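A short write-up of the structure that comes next.
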Amino acid sequence: MSVPAAPPGQPKKAATAAWIGSALEYYDFFIYGSAAALIFPTVFFDESDPATATLLSLATFGVAYAARPIGALFLGHFGDRLGRKKIMVFTLILMGLSTFLIGCLPTRDQVGTLAPVLLVLCRVLQGISAAGEQASANSMTLEHAPADRRGFFTSFTLSGTQGGQLLATLVFIPIAALPEDQLLSWGWRVPFWMSIAVAVVGYVIRRTLEETPAFTQQTESEGVAKLPLVVLMREHWADVLRVVAGALVASVSTIFTVWALAYGTSESVGLSRSSMLWVGALANLVALGAIPLWATLSDRIGRRPVFLIGAAGSAVMMFVYLWAISTGAYPLVLILGIVTFGVVYSAANGIWPSFYGEMFSTRVRLSGMAIGTQIGFAIAGFAVTFAAQIAGPDGDNWFAVALFTTALCIPPVLAVLTARETHKIPTELLGTRAPREKNDRERVAA
């Protein structure tokens, strides 16, 4: 039975809601990354040992990624039982509130060791929210999209993520330029307080969305799975492993946005905070244009070759980018940062929503994407902590960090080489184990 077409305008509305919602949600998520690299070592940890304080601060960045698999189990289950829309609203509200609370936390000087404990608790809530955001938004846009443009429409979730990262960076540029006493007293709190708007705006944007035709048809014809996780592990365990492996490519993002930022502004390199933040801002601006272009290409030639370009290319470019930072030559850093993150990494980042989502059937799509990606993202999140350790006591062994990042790009390459090509399979047949496109078209016609 073919899935009925979405109402006119609904695919664009779903994509727009995914873009704006993801931008708002990941603004919250990524302002933490900038603060963890630049502010939190001083505010929440022991100033007498700057190296250890930085390491602990970067570890709290990874805590959210550790919480994401747990959130994925919970939110994936309810997303495949109750629908995509409810999870999309819930995740935005949770992210907005937890981020606002970070801006209200007392510092180490005020309450001692309780301060980093409270920081970690709020970061865990951020991680739980992020676990369901992308999977629910991706499922919503994929199931609303025309079959021949699923790559393009689902890419709006990730371009929204980049938009949020861009917004977070732009907000931090003037904050980082404040005098030191103002920055460490109240200035760093402002970006977190602004997130309260996320809860309000997110609800207004997403409450008018219609549930997807694919999920509605699934509910009316066969019903939803009582235990989506059981169905997922029984029928799609190999694809879950592929998604876990593929999601490790996110290590490129975390190393670029957090470790490289800390390294570039360290004493060994000496670039200013503002200049390094501008590298991230301009790279994300370029990514906003590159992501839909790569996604459109994947609708024509397939998901696998485009993802492979992004994963393998990022492994090479991280060497070049981190070397550029080591030279301290800012024009070189700026250009290579834009190429590495804005162009090359976008090839993988822009098409994984369709690439992963098309591996699963409607009954378990949200669970499959949420669990698979969040386990991989959890590993990628702690890549920053490992990078800080292997960079040596002075934090300047960029070659070891580049080699480590390259090693984390090998599993995504293997995942794409063993995956099926799905860009021409009709939406209703995704995840059905009917691999031959000719047979797929005959079944639809019948």
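The values are calculated or read from the model by the stated rules, or taken from the named source; none is laboratory data. Bear in mind that the values here come from a model prediction, so they are computed numbers and not experimental data. Every residue, glycine among them, receives a Cβ derived from its backbone with ideal geometry; neighbour counts consider all protein chains shown. Note: accessible area is taken over every heavy atom of the protein model, side chains too, but ligands, DNA and RNA are not part of it. Shrake-Rupley method; radii C 1.70, N 1.55, O 1.52, S 1.80 Å.
Checking the stated criteria, L158 turns out not to satisfy the condition of being over 30 Å from T362 (Cα atoms) and modelled with pLDDT of 85 or more. Y263 passes every criterion in (1) over 18 Å from A72 (Cβ atoms); (2) out of contact with any helix residue (DSSP H, G or I) (no Cβ under 7 Å at 6 or more places or on another chain); (3) at pLDDT 85 or above apart from (2). For region 81-103, filtering for residues that are free of Cβ contacts under 8 Å to residues at least 12 places away in the same chain and open to solvent by less than 30 Å² (accessible area, probe 1.4 Å) leaves 0. Restricting region 249-284 to residues that are under 18 Å from W188 (Cα atoms) and of a type in the set (V, I, T) leaves a set whose member that is least open to solvent (accessible area, probe 1.4 Å) is V258.
Considering each residue of region 73-88 in turn, none proves to be touching a helix residue (DSSP H, G or I) at 6+ places or on another chain (Cβ under 7 Å), more than 30 Å from T208 (Cβ to Cβ) and of a type in the set (A, V, I, L, M, F, W, C).
Considering the conditions (1) over 18 Å from the mean Cα position of the chain (by Cα); (2) within 14 Å of S136 (Cβ to Cβ); (3) open to solvent by less than 10 Å² (accessible area, probe 1.4 Å), F44 is excluded by exactly one of them, (2). Residues that are closer than 22 Å to M233 by Cβ, touching a residue at least 40 places away in the same chain (Cβ under 8 Å) and not small (G, A, S) occur at least once in region 379-386. Restricting region 229-240 to residues that are open to solvent by 20 Å² or more (accessible area, probe 1.4 Å) and in contact (Cβ under 8 Å) with a residue 60 or more places away in the chain, which is nearest to P41 (Cα to Cα)? Going through the qualifying residues, I end up with L229. The criterion of at least 1 residues that are modelled with pLDDT of 85 or more and either more than 22 Å from the chain's Cα centre (by Cα) or crowded, with 16+ Cβ neighbours inside 10 Å (or both) is met by the following helices (runs of 4 or more DSSP H) wholly inside region 369-446: 383-390, 398-418. Among all positions in region 1-14, there is no residue which is modelled with pLDDT of 80 or more, out of contact with any Leu (no Cβ under 7 Å at 6 or more places or on another chain) and open to solvent by less than 10 Å² (accessible area, probe 1.4 Å).
Assess whether A35 counts as being under 22 Å from A383 (Cα atoms), at pLDDT 80 or above and in contact with an Asp or Glu (Cβ under 8 Å, 6 or more places away or on another chain). The answer is no for A35.
Restricting the search to helices (runs of 4 or more DSSP H) fully inside region 22-124 and requiring at least 2 residues that are over 25 Å from A197 (Cα atoms) gives 40-43, 50-82, 108-111.
Name every residue in region 213-228 that is touching a Ser or Thr at 6+ places or on another chain (Cβ under 7 Å) and open to solvent by less than 20 Å² (accessible area, probe 1.4 Å), in order of residue number.
A214, F215, P228, listed by residue number.
Filtering region 148-163 down to residues that are small (G, A, S) and under 11 Å from S354 (Cα atoms), which residue is surrounded by the most Cβ atoms within 10 Å (Cβ to Cβ)? Per the stated criteria, the residue is S155. Give the residue that is surrounded by the most Cβ atoms within 10 Å (Cβ to Cβ), with candidates limited to residues of region 171-212 that are among the aliphatic types (A, V, I, L, M) and closer than 30 Å to A145 by Cβ. Among residues in region 171-212 that are among the aliphatic types (A, V, I, L, M) and closer than 30 Å to A145 by Cβ, the one surrounded by the most Cβ atoms within 10 Å (Cβ to Cβ) is V198.
Whether a residue is in contact (Cβ under 8 Å) with a residue 40 or more places away in the chain and either within 30 Å of I39 (Cβ to Cβ) or among the polar types (S, T, N, Q) (or both) was assessed, and A329 does not pass this test. In the set (1) open to solvent by 40 Å² or more (accessible area, probe 1.4 Å); (2) in contact (Cβ under 8 Å) with a residue 12 or more places away in the chain, the condition left unmet by F78 is number (2).
All conditions in (1) closer than 27 Å to F78 by Cβ; (2) surrounded by fewer than 24 Cβ atoms within 10 Å (Cβ to Cβ); (3) of a type outside the set (F, W, Y); (4) in contact with a Ser or Thr (Cβ under 7 Å, 6 or more places away or on another chain) hold for V124, with the sole exception of (4).
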